[in-house]
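Written below as structure tokens is the structure these notes are about.
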């Protein structure tokens, strides 16, 4: 019986010593912190330009933030002007890197790579000749007067959008982000310069930030 009591006392003493050692290690290493990772979702509004005119886009992105330093996800955006005129929508994979972690303020660099579609008004004379519309052929923009001088052209394209960002953390789950970037377009049949343009964005980010 005495041996059993002595053995139990030894186990209890060993556990207390281990806990004390762990607390001592934490106290000696105050800079050690648990890696914070989690899912982030953000509605995003972009002030932009398309075809020389102001263009506002509504969208958002979502993905996984690892160690508060690397975000990998996807995003998508749509022009808010509605149908019946110029249109633009695009989306793709999104990667964001935070050079330094901070609980209140962060700078980061983001890149979106993907594809999209858009619609623009194009002067008939810009089409390769001859061009056919509704069974009638025209050459060099010389069409019968009953035809309009411009037509709406729908194009698909590739898109890349680099962006620099600043974010301000209000709580451990809410952050405000602002950014500036540029929408690069390729493969739009000669309309690339009209679809591309600078962007400025504002987003509300929901996730686990610290």
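Quick note: the coordinates plus some simple rules give every number you see, no bench work behind them. For clarity, every value in this text was computed on a predicted model and none was experimentally measured. Quick reminder, even Gly has a Cβ in these numbers, built from the backbone with ideal geometry, and neighbours come from all protein chains shown.
Could I have the simple spin-label model distance between residue 74 and residue 101, label points 7 Å from Cα toward Cβ, reported in nm to one decimal?
Placing both labels 7 Å beyond Cα along the Cβ direction yields 2.8 nm.
Kindly put 77, 61 in sequence by how many other C-beta atoms sit within 10 Å of each C-beta, fewest to most.
Ordered from fewest to most neighbouring Cβ atoms within 10 Å, 77, 61 come out as 61, 77.
Using a 7 Å offset from the Cα along the Cα-to-Cβ direction at both residue 58 and residue 170, what is the distance between the two label points in nm, to one decimal?
That separation, rounded to one decimal, is 2.0 nm.
Nearest 0.05, what FRET efficiency do residue 81 and residue 186 give at R0 = 22 Å with Cβ-Cβ as r?
With R0 = 22 Å, the Cβ-Cβ based efficiency is 0.40.
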